[in-house]
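Working notes, structure below.
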Protein chains: 2
Amino acid sequence: MSEAYREMWRALDMDLEKHDVFLGGLPGAFSEVFLQQENRPARMAYFDNALAEAHGGRIKEILDQKKAGRPVAGTFCVFVPEELIFAVDGISIGLCGGAQFTVPTGEQVLPRNLCPLIKSLMGFKLDRICPYFQAVDFLIGETTCDGKKKTWEILNEYVPTYVMELPQKKTEADLTLWEGEINRLKEEIERRSGQAITAEKLAAGIKKANARRAALARLYRARQADPAPISGKDALLISQLAFFDDPERFTAQVNSLCDELEERIARGEGVARKGAPRLLVTGTPMALPYWKLHHLVETAGAVIIAEETCTGTRYFAGQVAEDGLTVEEQVKNLARRLTAINCACFTPNKERVEDILRLAREAKADGVIYFSLQFCQPFSVEGRLVEKALQEAGLPVLRLESDYSEEDAAQLKTRIDAFLEMITA
Amino acid sequence: MSEAYREMWRALDMDLEKHDVFLGGLPGAFSEVFLQQENRPARMAYFDNALAEAHGGRIKEILDQKKAGRPVAGTFCVFVPEELIFAVDGISIGLCGGAQFTVPTGEQVLPRNLCPLIKSLMGFKLDRICPYFQAVDFLIGETTCDGKKKTWEILNEYVPTYVMELPQKKTEADLTLWEGEINRLKEEIERRSGQAITAEKLAAGIKKANARRAALARLYRARQADPAPISGKDALLISQLAFFDDPERFTAQVNSLCDELEERIARGEGVARKGAPRLLVTGTPMALPYWKLHHLVETAGAVIIAEETCTGTRYFAGQVAEDGLTVEEQVKNLARRLTAINCACFTPNKERVEDILRLAREAKADGVIYFSLQFCQPFSVEGRLVEKALQEAGLPVLRLESDYSEEDAAQLKTRIDAFLEMITA
């Protein structure tokens, strides 16, 4: 593949040598984590190929569309209303970083005591090995956490970064602020695209994003079956690809996969043996290509049946009402998503505990892994309250903190094994 | 002193044994850091005594006032409008923690990867060795950083904690949000105190806080003289005591000290030799009894002539206009302080660079120490931009990160010595 796309990458001002080294490691990791699974759903083939073409075919597609005048925006948070980008026929790419490879470069401009996701995304830009970062016209950051909020100021030196102010509570005053922020983003996107966002266009954008959310919700419902018809690893990969793929094609493929999964469920067929420990993962997002935790857990014999994360249920939470007849009404509907997503960036955030308990019940979880990326203060501080609530509800919890390196893999494995032993005893 | 106050501490449900151990270490540290300085201003005697009576006489005074019906509130941030507390004749105490002693206890409920100030304040409450924490009726937290924002949820289990949402930008929409937050705090204080906040009472509260800010600003102007008439250590101690002392008495004493300092300046008399390297410190706050950095720097022969911190210039920045005739106008005036304080919690925060450059110029600084408490993400990420701007302006910068332990003292000393050598070369 590489050879066919080198010219394209060169034109994107990428560091080809470093990019070769980065890509060189991926097929082996992918094969070990994904291809060696038994009894995978046949329709995972689409997603395997989407990953293989992530730096190739998909980039070519985006560049062709960009040439045709479609704006390309990078985002880093499920709160950023992609519906506005879709409304101008734009391309929205989720650019959080999930690779240790770029962390050391990120640390050249950021403190080491910062979450690896942020250091990785900064490193991808500085290293010039992410064609998405190279292809975007601008970025849309937000103020969800201190680390990201302050990093946009530095990232803005390298690529124009517009910052939305996400409120920190969910009162009426916050909804008003957020509605204003969405209106201001709308104006920014109109300015950059040279297109007015009409009610008709925004309605189409909302439908597109809603359809993707509905497909992912359907996938999550399928995972509630016992035995689970799909591994947690595969479901995570699909979620990760949602941030990069063409939304309509992706939605159709997720629905097609769900057809297959639902047939499996009807036949009582699964990927893990019936009775394998079923775990819910909750915490910080897992950006592509971060698969470490899922791989450790499922290799140990358990199956992950849901992720209460931004690369899981929080990504598709909060369908936007489609009854808005004017842009003003539609923006109000977009703003209300604020109340439906229970991120640790809010205070208080008790609804997240309710979400976790409901998800665990629906998916018949035997236990919960509370996972925080290192130095993620919102999720690590909130962990204590969640852990207490789960213990009171009689749900075993394992708290893990990790980064993108492989150094703690053996230690994590020991703790996961002990947890599974405790659950199945 | 201890014996006379034991009964009072017992009534406050304090852990007397642990408190003895904590207090036991302070006189020695205080003597080493403060009393061994040469040529101190005579009127530091008041502040030395205020520190000595911080857990004794001052607490008795507060408890007597509390018995007389005056509400006692704890705060943690210079943005919290103490004017509203003063308006109901209440007592406002700044409760940030500055001691390593309580950090391990704080870590029982908080992640270790969190700033020592937050872990220390949490530990003071859990250890029951801070009579102020024991005496308060309620706390007023805010959303300035992730660590504090999420810690209030835990602290609220131990003492009622009301949380103000501080905006993250400084646009008109943010001023509107903040004005609403101040109004909501006003209602909370009215409810708790059983007193209506009238324009007359609030005007008095504003005058009281303005007078204290003016006195501290006068102290800072005095420090601009060369030789400096007062050490950075002494000035820091005064700032730290501002959070605990009776505001009117404190203001009078700071003004009285300034009379003495201005006479010294007229005589050309100082604490450091004329020509001693003059350093500006910028970064995170230094809560009582954190004196480590100042002690190291001034022992090495330099003098600190300003702190661009929350226990420095940010504490007294932004006098509140006294022209408000109605409560509504006064609240608007209080809200405008938002724009005058340039904390790293805002994005962007370029005005902070301007503040530092202006302060350095006014105080004839030879160099700047950029100081971050460990794991303070806003100030550590922002450090890069500040450092670049200062270097462009030709001002030498030393970046230091530390915590409350003494473990890195030798390493810090080496770096400070090298920096001073470079400056004076």
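The values are calculated or read from the model by the stated rules, or taken from the named source; none is laboratory data. Just so you know, these numbers come straight off a predicted model, no measurement behind them. No Cβ is skipped: glycine too gets one built from the backbone with ideal geometry, and neighbour counts run over all protein chains shown. Each accessible area value is taken on the protein alone, full model and side chains, heavy atoms only, with ligands, DNA and RNA left out. Shrake-Rupley method; radii C 1.70, N 1.55, O 1.52, S 1.80 Å.
Being closer than 16 Å to B:Ile356 by Cα, in contact with a helix residue (DSSP H, G or I) (Cβ under 7 Å, 6 or more places away or on another chain) and within 14 Å of another protein chain (Cβ to nearest Cβ) is the filter here; which residues of the range B:375-396 pass it? Those that are closer than 16 Å to B:Ile356 by Cα, in contact with a helix residue (DSSP H, G or I) (Cβ under 7 Å, 6 or more places away or on another chain) and within 14 Å of another protein chain (Cβ to nearest Cβ): B:Glu382, B:Arg384, B:Leu385, B:Val386, B:Ala389.
Applying the set (1) of a type outside the set (S, T, N, Q); (2) buried (at least 21 other Cβ atoms within 10 Å of the Cβ); (3) within 18 Å of B:Leu139 (Cβ to Cβ) to B:Ile62 leaves exactly one unmet item: (2). A:Arg399 versus (1) over 22 Å from A:Tyr290 (Cα atoms); (2) of a type in the set (D, E, K, R); (3) within 14 Å of chain B (Cβ to nearest Cβ): which is the lone unmet condition? Unmet for A:Arg399, out of (1) over 22 Å from A:Tyr290 (Cα atoms); (2) of a type in the set (D, E, K, R); (3) within 14 Å of chain B (Cβ to nearest Cβ): (1). Residue-level check: of (1) part of a helix (DSSP H, G or I); (2) of a type outside the set (Lys, Arg); (3) within 30 Å of A:Met8 (Cα to Cα), A:Val163 misses just (1).
Filter the range B:376-406 down to residues that are in a helix (DSSP H, G or I) and more than 30 Å from B:Thr151 (Cβ to Cβ) and give me whichever is most open to solvent (accessible area, probe 1.4 Å). Ranking the candidates gives B:Glu392 first.
Scan the range B:219-244 for residues that are part of a loop (DSSP other than H, G, I, E, B) and aliphatic (A, V, I, L, M) and report the count. Within the range B:219-244, residues that are part of a loop (DSSP other than H, G, I, E, B) and aliphatic (A, V, I, L, M) number 3. I'm trying to understand the selection: among the residues of the range A:166-206, which are outside any helix (DSSP H, G or I) and closer than 18 Å to A:Thr326 by Cα? If the condition is that a residue be outside any helix (DSSP H, G or I) and closer than 18 Å to A:Thr326 by Cα, then A:Gln195, A:Ala196, A:Ile197, A:Thr198 are the ones that fit.
Taking residues in the range A:331-351 that are without any contact (Cβ under 8 Å) to a residue 24 or more places away in the chain and over 14 Å from A:Val386 (Cβ atoms), and partners anywhere that are surrounded by fewer than 21 Cβ atoms within 10 Å (Cβ to Cβ) and of a type outside the set (Ser, Thr, Tyr), the pairs with Cβ atoms closer than 6 Å and at least 6 places apart or on different chains are A:Ala340/A:Ala317; A:Ala340/A:Gly318.
So, in the range B:162-174, of the ones that are under 22 Å from the mean Cα position of the chain (by Cα) and open to solvent by 20 Å² or more (accessible area, probe 1.4 Å), which residue ends up nearest to the other protein chains (Cβ to nearest Cβ)?
At the first step, the residues of the range B:162-174 found to be under 22 Å from the mean Cα position of the chain (by Cα) are B:162-168.
Those left that are additionally open to solvent by 20 Å² or more (accessible area, probe 1.4 Å): B:162-163.
On the way: B:Tyr162: 12, B:Val163: 6 Å.
Within the range B:162-174, the match that is nearest to the other protein chains (Cβ to nearest Cβ) is B:Val163.
Scanning the range A:16-42 for residues that are surrounded by fewer than 17 Cβ atoms within 10 Å (Cβ to Cβ) and touching an Asp or Glu at 6+ places or on another chain (Cβ under 6 Å) yields a count of 1.
So is A:Ala45 out of contact with any helix residue (DSSP H, G or I) (no Cβ under 9 Å at 6 or more places or on another chain), open to solvent by 40 Å² or more (accessible area, probe 1.4 Å) and farther than 30 Å from A:Glu181 by Cα or not?
Criteria met by A:Ala45.
Considering every residue within the range B:279-302, establish whether at least one is without any contact (Cβ under 8 Å) to a residue 12 or more places away in the chain, surrounded by fewer than 20 Cβ atoms within 10 Å (Cβ to Cβ) and not in a helix (DSSP H, G or I). Looking through the range B:279-302, none of the residues is without any contact (Cβ under 8 Å) to a residue 12 or more places away in the chain, surrounded by fewer than 20 Cβ atoms within 10 Å (Cβ to Cβ) and not in a helix (DSSP H, G or I). Restricting attention to the range A:145-158, the residues being open to solvent by 10 Å² or more (accessible area, probe 1.4 Å) and either in contact (Cβ under 8 Å) with a residue 60 or more places away in the chain or more than 10 Å from chain B (Cβ to nearest Cβ) (or both) number 3. In the set (1) more than 30 Å from A:Ala204 (Cβ to Cβ); (2) out of contact with any Asp or Glu (no Cβ under 8 Å at 6 or more places or on another chain); (3) open to solvent by 10 Å² or more (accessible area, probe 1.4 Å), the condition left unmet by A:Glu260 is number (1). Within the range B:83-101, the presence of at least one residue that is within 18 Å of B:Leu16 (Cα to Cα) and either more than 14 Å from chain A (Cβ to nearest Cβ) or outside any loop (DSSP other than H, G, I, E, B) (or both) is confirmed. Tell me, please, whether a residue that is open to solvent by 10 Å² or more (accessible area, probe 1.4 Å), of a type in the set (Lys, Arg), free of Cβ contacts under 8 Å to residues at least 24 places away in the same chain and assigned to a helix (DSSP H, G or I) can be found in the range A:123-131. Within the range A:123-131, none of the residues are open to solvent by 10 Å² or more (accessible area, probe 1.4 Å), of a type in the set (Lys, Arg), free of Cβ contacts under 8 Å to residues at least 24 places away in the same chain and assigned to a helix (DSSP H, G or I). When B:Leu114, B:Leu121, B:Leu185 are screened for being away from chain A (no Cβ under 11 Å) and touching a Gly at 6+ places or on another chain (Cβ under 7 Å), only B:Leu121 passes.
In the range B:327-358, how many residues are more than 14 Å from chain A (Cβ to nearest Cβ), open to solvent by 10 Å² or more (accessible area, probe 1.4 Å) and under 18 Å from the mean Cα position of the chain (by Cα)? Looking only at that region, the number is 3. Residue check: is A:Leu257 more than 30 Å from A:Gly324 (Cα to Cα) and touching a His at 6+ places or on another chain (Cβ under 7 Å)? In short, no.
In the range B:217-234, the residue that is nearest to B:Gly98 (Cα to Cα) out of those that are hydrophobic (A, V, I, L, M, F, W, C) and crowded, with 24+ Cβ neighbours inside 10 Å is B:Ile230. Report whether or not B:Ser372 is open to solvent by less than 10 Å² (accessible area, probe 1.4 Å), within 14 Å of chain A (Cβ to nearest Cβ), closer than 17 Å to A:Asn113 by Cβ and touching a strand residue (DSSP E or B) at 6+ places or on another chain (Cβ under 6 Å). For B:Ser372, the condition - open to solvent by less than 10 Å² (accessible area, probe 1.4 Å), within 14 Å of chain A (Cβ to nearest Cβ), closer than 17 Å to A:Asn113 by Cβ and touching a strand residue (DSSP E or B) at 6+ places or on another chain (Cβ under 6 Å) - is met.
A:Ala225 meets all of the listed conditions (1) free of Cβ contacts under 8 Å to residues at least 60 places away in the same chain; (2) away from chain B (no Cβ under 14 Å); (3) closer than 30 Å to A:Ile59 by Cβ but one, namely (3). All of (1) open to solvent by 20 Å² or more (accessible area, probe 1.4 Å); (2) part of a loop (DSSP other than H, G, I, E, B); (3) in contact (Cβ under 8 Å) with a residue 40 or more places away in the chain hold for A:Arg112 with one exception: (3).
Taking the conditions (1) more than 14 Å from every other protein chain (Cβ to nearest Cβ); (2) of a type outside the set (Asp, Glu); (3) closer than 29 Å to A:Met122 by Cβ; (4) surrounded by 22 or more Cβ atoms within 10 Å (Cβ to Cβ) in turn, B:Ala365 satisfies each one other than (3).
With respect to A:Ala73, determine if the residue is away from chain B (no Cβ under 14 Å), surrounded by fewer than 23 Cβ atoms within 10 Å (Cβ to Cβ) and over 30 Å from B:Glu387 (Cβ atoms). For A:Ala73, the condition - away from chain B (no Cβ under 14 Å), surrounded by fewer than 23 Cβ atoms within 10 Å (Cβ to Cβ) and over 30 Å from B:Glu387 (Cβ atoms) - is not met.
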